[in-house]
Each structure stands twice: as C-alpha cells, then as structure tokens.
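K.L.:
Sharing a structure below in structure tokens format, with a few things to ask.
Derivation of every value follows stated rules applied to the coordinates shown; laboratory data play no part. These numbers come from a predicted model, not from an experiment. Note: ideal-geometry Cβ built from the backbone for every residue, glycine included; neighbour counts use all protein chains shown.
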Amino acid sequence: MISMEELKRSFKASVWFMFLTFPILVIKVNPIEKTVIWRWENMAFVGIGVFMLSILIRAFYIHRERLRSLTISKKRFGYIGDEPLVQFILREPKYLYPLAAATLLFALLFPSLFDTYQTNVMTTALMYVVLGLGLNIVVGVAGLLDLGYVAFYAVGAYSYALLNLHFDLGFWAILPMGALLAAMFGIVLGFPVLRLRGDYLAIVTLGFGEIIRLVLENWSEFSQGPSGISNIPRPGFFGMEMDLNSAIVYMYYLVVGLVIITIFVVNRLQDSRLGRAWIALREDEIACQAMGIDKTKTKLTAFALGATWAGIVGVIFAAKTTFINPASFTFLESAIILSIVVLGGMGSILGVIIGALILILLPEYLRALSEYRMLAFGAILVLMMVFRPQGIIANVRRSYQFKKSAKEGDA
Amino acid sequence: MEYFIELFLSGLTRGSIYALIALGYTMVYGIIGLINFAHGEIYMIGAFTAFIISTVLSIYGFPLLGIIVLAGLAAAVWASAYGYTIEKLAYRPLRHAPRLSPLISAIGMSIFLQNYVLLAQTSDFLPFPELIPEFDFMEPVAHIIGSSDLVIILTTAAAMVILTLVIKFTRIGKAMRATSQDRMMAMLTGINVDRVISTTFIIGSTLAAVGGLLIASHIGQINFFIGFIAGIKAFTAAVLGGIGSIPGAVLGGFVLGLTESFATGYVSSDYEDVFAFSLLVLILIFKPSGILGRAEIQKV
C-alpha cells in the first residue's frame, strides 16, 4: 500500500503546484478598470487535485510493478502471456466478420435511427476518421512527424471552392482533382524536406502549414482573404435536387463510403511491399537503405498518399459546410488530427478509428466540457507518450507462425 | 538613409528578443537533443506573470522601480519553475524512448499551456503597463530609436555576457559542456546529469522570461498566443545559427531580426511571418547545420 513517505511526496507535489499556478490561476487583473480578483478557490482545487492525482499515479506504478512480477513468475511455469482480446478478435475471421457486419449495418441505419443533427455530427467524426487514417500513414506507419497535415486539407478544400467559383466544375469532377493536387503538394513540399531528420521535419512541415494558411489569408485576389469563400454547392446526385435534410443524409452516406474505401486501401497498403518498406524505414533508416530500399521514394510516397486523403476530405469538407475560410486550417487542426493518431495508437487502423470517434464525438456531446477540449488534447498527447506510447489499441506487427499439428509433432 | 538606420535598429531589437528565446532552444537541444516545443509557452508565461504582478502592484500604488524589479523577478522565478516542472513531467520519463515520443509530448505540453493560460485568464489582448520609461538623454535620437529599444539591446548584451561567463567559468557551466559533449561519459565522471538538465531548463526559461518581459513592455500588449509565433521564430534563429551552438543562437537571432525588419520595411508587411518561415525552410534544405553549427555525422 501507499506508505507515509509517498504521502509526504504527494503533499510536496501539491504544494509545488499551488505555488506554480499561483499567479495565473489565482490572480485575475483588469488593467482598464484597475481591479484585482483573487480566486483563492482555484488554489484549493489545484492543491487537492494534484494530491489525489499524484496518489493515483503512485498506486498505478505500485500496481504495475506487482503485475510485472506476477507475469514473470507465471512464465516460469510455462504460461505464456495472453494476447489482448482486441487483437484476438481482429485475427479471427470467425469473430471479426460478424462484428464488422454489425458495425456496418449500424452505420447504414444511423440516419434513420437518429435525427439530422446527430447525422451531421457523425459525418464530421467520420471525416476525422479518414483524416486520422491518412495521417496515420505518414506518422504511424512511416514514422515521419508531419505537423502541417492541415495544409493538404486546405489544398483540397480550396481547390473545390476556387475551381467551382472560376470554372464552374462540379463536386465529382473536382474530387479526384483535389486528391491529385494535394498529393502533388505533398511531393513538392516533401521533396526538399525529406532529407531532414525527424524533428527538423516536424518543424518544417509546421512552417509549411503556416505559410499556406498565411498566403490564403493575405493573397486576397486569389483566395478572397480572411472573409473566405461562401455559397459552395453541395455535391449532386445525378442532377437530383435535394432539400437540406436529404443533402445531409446523402453527405453522410458519401463519407461512410469513403471511410470503407479508406480502411480497405490503408489496410492493403500496410501489408504491401511499400507498407513493409515504410515500417522498415521507421524502425531503422540506415539498415533499411542497406537493404536496398530507396529512402527518398519511399518517404515521398508516404507523404503523397497521406496528403491524398487530406485532399479528398478537404473537398468533402468544403462541400459539407458550403463555406470555407483560412481560419479552419490552423495549426490546432493539425494538432487535433495528430492527437487522434497518437491516442488511438500509431500505426493501428482500428485504434485511429476509435481515437477519432472519441476525440470528436465526446466534446460534441459533453458541451459543458467543450471549452476544455484543446486543454485535454494537449494533456492527451503528453499522458499517452508518458504512460501508454502504443495508444489505446496497439499496432501488432504482422508475423507468421507455423501451426503445429499433431502429425508434425510426431515428425 | 535614416529609414535604413531605423529599420536596422528595430531589427536589432527584434533580433535581441529572438536571441534570448533561441538560447533556451539551443541549450536544451545541445544537451538532450530535444526540440523543446513548449519553450515559446515559457516565454509567454514569463510575460504573463510579469503582466499580472506589475498590474497588481501598480494598482496598489508601488513606485515604478519597485514594480520593475518585482515583476522581473516574478517572471524569472515562475518561468523557470514552469520550465523545471515541464522537464520533470513531460520529458524526463521519456529520456530513453524513441526520438519522436518526447517531441510529441512537447507539442502536447505547448498546446496544454496555451489553453491553460487562455482558460485561467482571457483570450483578449491585454494592455501591458509601460515599465520602461522614456529617458531624457534619448530625446535627440528619439525618432530613430526609442528608450525601450535601447534597454532591450543593452539587457540582451548583458545577459549574453553573464551566460558566457557562467558557461565558461563555473562548475555547473563546465558540467553542462561536458554533458552536451557526451552524456554517458559525463555520467561516468560523476556529473549528476539530471541536475545539469534541470539547470539548463531553468537558465533557458529565465532568459525567455526576460525576453517576454522586455518585448511585452515594448509592444505594450499581451495575449495567450504570443508564445507560438515567437517560439517558432526563435527556433528559426537557433537553426539559422546552428542548433546546439550558443554564439550561433545569438547570431541567428540578429540575422533573423534584421531580415524581418528589412523585408517588412522594404517589401511588404503582410507577409512578415511568411519571411521567417521561408527562411527556416530554406536553411533547413540547404544548410541544416546552420551558420556556426557542426554537421552531424551519423555513425553506425
């Protein structure tokens, strides 16, 4: 159990944090009216909160130590640690297919079960699923930290808005063009920077993301500046006229279809020759080059393929909201998508899907907490890295096993 | 010609601030090889603490000199406390993790701190009290250089000299140099590496807080978001000079400050931030080791 010594350390931590948060949490000044508000209650909250949290973390560590010693002693008696239930279900088609079918059925029935508002929220969440899966190729599989992912999203959205505005092209014509444009941007941006090491790459992509946003904001003749572009048409369905409700439902089905395609493609990609090259590159660049993998080409395809999905979702985003401006494409958006990938589990498809649904739907339904959304995202990134770097659902490396049958055992 | 000198001096002022923040990046990178993404937020917290303390004191009618000293002290103390705590919570547990992990953790920390200040205080721009008075002897040149510019440049110069002395001649400075050369070897010779790293964060944060206090008082307003852009620009300065190199960070700060000042003065002020970002991208592509940095050779 927790000893006196540990309690004392928790107490010290709570005093330290009360000191740390004192000026910013406790004092609130109004420089114009020259008044000071002292919020001492915040100090009490911090003190108690930190004390509780620190005891919880200590208990967690003690528990983990005990578990670890248990598994070691179990292994000694020939017991091999069980694999997690999720991985087991993913591996067994017997369980996987019915579950997938049930999920699909639920997804298809969703608009008739819930109202339009819920459908709209779900559409947004599913768009983030696709964005997360796209970024997952770059960050999770290929191990390239891209902090400017939102730039490609912006490219997709603006290519629909601008091409539609100037050339009157329709949604279906622009969808592949938006994807292609985003991929081209990925290659153009990726080509010079991919020689850089991981952490430099992160900063440069962040810089690129900001440059694109700033250009969109300031180059008014091109992008109509901060006021944005409005009256973007929704996608058509063989020229049918739709009211708002059915347009939302139609949008939903469109995105569901996109999610299915994305899952299929990403899944196949990960097991392909290219996907294995990405994983190898992530693990050890030098060894990978020594094995004859073209580093630049492999990284560029990861960048371009990741960007493609962002471009597609960008086009859909513009069509869904019918209005875009540069404010939708800030660094925070990139950070949200990155949180999705990190929370779900880098490289794990199911993890990313669950991560996106949690991070987008939860703040939507807990309106009271939506203020704290970004605070939570930041905390999630730190906590996941410290306590569970593999994410909610860890990615398992594909491995081949020989199944021992009775006959082979004899031989 | 006068316009040129004016731009040059305002570039020096900017450059001083960038250099002060860039030092924190470069010192941390030199020792643990981490881009401390949350460093810009430390700068912002330093400025905010100074804002809160100085406003409270001026409401209670303190004399100006007392306000300057106390606000500066508070900014330095709290900024370094935050720096120390962040390192302990978000980076120390990840010392042996893959390279990306501490970086993601740092980004998370940066987002967390921004929103913490946003929620605890406000999202509005707040007027920062004018801490640096207009000096009488500056009257004849006041149209070219303001008093606060002079104070900023002189303070930065003083900070550089003190930092150089600390690193060159003190025990902890020696330990820091040893740790940045070879952490394992430093550990074997009995240097408490954890303490050296903590000290590095504290020194870097103090410098950032000084920068925050000076620039906020110079510009006259403050907001929870100032750390993001300043952080990226200071990082650009650090990379420009050669990350890991202390004179490099100072040089890079001045180069960046002057570039920005001339570019906004002669080309266009709309794209102020674009210049800095483009400069960063260009350096990283053509000379990732920076002006004074050594090229990193990877051994297998």
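K.L.:
Taking only the alpha-carbon atoms of the stretch B:140-209, what semi-axes of the equivalent ellipsoid follow from 5 times the gyration tensor eigenvalues under a square root, in whole Å, largest first?
P.N.:
Largest first, the stretch B:140-209 gives 36, 11, 8 Å.
K.L.:
Related question: Among B:137, B:228, B:62, whose mean-square fluctuation peaks in a Gaussian network model of chain B (Cα, cutoff 10 Å)?
P.N.:
Of B:137, B:228, B:62, the most mobile in the Gaussian network model is B:137.
K.L.:
So if each residue of separation counts as 0.36 nm, and I subtract the Cα-Cα distance between residue A:215 and residue A:11, what length gain in nm does that give?
P.N.:
Extra length from residue A:215 to residue A:11 when fully extended: 68.4 nm.
K.L.:
Here's a follow-up. Tilt of helix B:64-86 relative to the longest C-alpha principal axis of chain B, in degrees (0 to 90, nearest 10)?
P.N.:
In chain B, helix B:64-86 runs at an angle near 30 degrees to the longest axis.
K.L.:
So if each residue of separation counts as 0.36 nm, and I subtract the Cα-Cα distance between residue A:294 and residue A:109, what length gain in nm does that give?
P.N.:
Going from the current span to full extension adds 62.0 nm.
K.L.:
Among the aspartates and glutamates, which have Cα under 14 Å from the Cα of residue A:28 when same-chain residues fewer than 8 positions away are ignored?
P.N.:
A:41, B:124
K.L.:
Among the listed pairs B:233/B:287; A:297/B:287; A:299/B:287; A:295/B:287; A:295/B:88; A:297/A:320, which have their C-alpha atoms separated by more than 26 angstrom in this model?
P.N.:
Listed pairs above 26 Å: A:295/B:88; A:297/A:320.
K.L.:
Would you mind telling me which residue in A:31, A:389, A:363 has the biggest mean-square fluctuation in a Gaussian network model of chain A, where springs connect alpha carbons within a distance under 10 angstrom?
P.N.:
Result: A:31 has the largest fluctuation of those listed.
K.L.:
Averaged over peptide A:205-212, how many Cβ atoms belonging to another chain are found within 10 Å of each residue's Cβ?
P.N.:
The mean count of partner-chain Cβ atoms within 10 Å per residue comes to 5.
K.L.:
Could I get the Rg over Rh figure for the stretch A:89-387? Both from C-alpha atoms, Rh via Kirkwood, rounded to two places.
P.N.:
Value, to two decimals: 0.96.
K.L.:
Please turn the phi angles of the stretch B:261-270 into ³J(HN,Hα) values with the Karplus equation 6.51 cos²θ - 1.76 cosθ + 1.60 (θ = phi - 60°), one per residue in order, whole Hz, x for glycine and proline.
P.N.:
Per residue, the Karplus-derived 3J(HN,Hα) values read 5, 5, 5, 6, x, 9, 9, 6, 8, 5 Hz.
K.L.:
Short version: ³J(HN,Hα) in whole Hz for each residue of the stretch A:257-273, in order, from phi by Karplus 6.51 cos²θ - 1.76 cosθ + 1.60 (θ = phi - 60°), x for Gly and Pro, what are they?
P.N.:
3J(HN,Hα) across the stretch A:257-273, in whole Hz: x, 4, 4, 4, 4, 4, 4, 4, 5, 5, 4, 5, 4, 5, 8, 7, 4.
K.L.:
Compactness ratio of the stretch A:4-76: Cα Rg over 2.2 N^0.38 Å, N = residue count?
P.N.:
Normalised by 2.2 N^0.38 Å, the Cα Rg of the stretch A:4-76 equals 1.73.
K.L.:
Counting pairwise Cα distances across the stretch A:228-310, what percent come out greater than 15 angstrom?
P.N.:
Here the long-distance tail beyond 15 Å is 70 percent of all Cα pairs in the stretch A:228-310.
K.L.:
For the stretch B:22-231, take the alpha-carbon Rg, divide it by the Kirkwood Rh, and send me Rg/Rh.
P.N.:
1.01
K.L.:
Right, here's the next one. How big is D, in µm² s⁻¹, for the stretch A:148-246 by Stokes-Einstein at 20 °C and 1.002 mPa s if Rh is the Kirkwood radius over C-alpha pairs?
P.N.:
141
K.L.:
Taking amide H positions as placed in the peptide plane 1.01 Å from N, state which residues far from residue B:222 in sequence (5 or more) or on other chains have amide H under 5 Å from it.
P.N.:
Excluding prolines and chain starts, which carry no amide H, the hits are B:126, B:128.
K.L.:
Taking GluC sites (Glu not before Pro) that fall in a DSSP loop and have at most 16 other Cβ atoms within 10 Å as cut points, what is the longest piece of chain A between them?
P.N.:
No qualifying site falls inside A:34-240, the longest such stretch.
K.L.:
Give the residue list of trypsin sites (Lys or Arg not before Pro) in the stretch B:197-300 that are DSSP loop and have at most 16 other beta-carbon atoms within 10 angstrom.
P.N.:
B:294, B:299
K.L.:
Could you go through the stretch A:129-134 in sequence order and give the Karplus-derived ³J(HN,Hα) for each residue, using 6.51 cos²θ - 1.76 cosθ + 1.60 with θ = phi - 60°, rounded to whole Hz, and x for Gly and Pro?
P.N.:
Each residue's phi maps through the Karplus curve to give 4, 5, 4, x, 5, x Hz.
K.L.:
Taking amide hydrogens as modeled 1.01 Å from N in the peptide plane, which residues meet the under 5 Å criterion relative to residue A:148, leaving out close sequence neighbours?
P.N.:
Hits under the 5 Å cutoff: A:206.
K.L.:
List the residues whose amide H sits under 5 Å from the amide H of residue A:27, counting only those 5 or more places along or on another chain, with H placed 1.01 Å from N in the peptide plane.
P.N.:
A:39
K.L.:
Could you give the angle, 0 to 90 degrees to the nearest 10, between helix B:39-59's Cα long axis and the longest principal axis of the Cα atoms of chain B?
P.N.:
The answer is roughly 40 degrees.
K.L.:
Computed over the Cα atoms of the stretch B:1-119, what is the ratio Rg over Rh, Rh following Kirkwood?
P.N.:
So for the stretch B:1-119, dividing Rg by the Kirkwood Rh gives 1.08.
K.L.:
With runs of 4+ DSSP H residues as the only contributors, calculate the mean residue ellipticity of chain A at 222 nm using -39,500 (n - 2.57) per run, divided by the residue total and rounded to the nearest 500.
P.N.:
Rounded to the nearest 500, the figure is -24000 deg cm²/dmol.
K.L.:
Using a Gaussian network for chain B with springs between C-alpha atoms less than 10 Å apart, which of these wobbles most: B:108, B:11, B:204?
P.N.:
Maximum fluctuation in the GNM of chain B, among the listed residues, is at B:108.
K.L.:
What range in chain A is the longest one free of chymotrypsin sites (Phe, Trp or Tyr not before Pro) that are in a loop by DSSP and have at most 14 other Cβ atoms within 10 angstrom?
P.N.:
That gives A:115-218 as the longest site-free run.
K.L.:
I'd like the orientation of helix B:147-169 relative to chain B: the angle between its Cα long axis and the longest Cα principal axis, in ° from 0 to 90, rounded to 10.
P.N.:
20
K.L.:
Are there any chymotrypsin sites (Phe, Trp or Tyr not before Pro) in the stretch B:40-88 that are in a DSSP loop and have at most 13 other Cβ atoms within 10 Å? List them by number.
P.N.:
When the chymotrypsin sites (Phe, Trp or Tyr not before Pro) of the stretch B:40-88 are filtered for loop state and at most 13 Cβ neighbours within 10 Å, B:60 remain.
K.L.:
Over all distinct Cα pairs, what is the inverse of the mean 1/r for the stretch B:21-69, reported as the Kirkwood hydrodynamic radius in Å?
P.N.:
Value: 12.6 Å, from the Cα pair sum.
K.L.:
How many percent of all Cα-Cα pairs in the protein assembly as shown sit more than 45 Å apart?
P.N.:
26
K.L.:
Suppose we look only past 20 Å in the calculated P(r) of the stretch A:279-397. What percent of the Cα-Cα pairs does that tail hold?
P.N.:
More than 20 Å apart: 57 percent of the Cα pairs in the stretch A:279-397.
K.L.:
Still on this structure, I have one more. Other chains near B:55-62: what is the mean number of their Cβ atoms within 10 Å of each residue's Cβ?
P.N.:
So the per-residue partner count for this stretch is 3.
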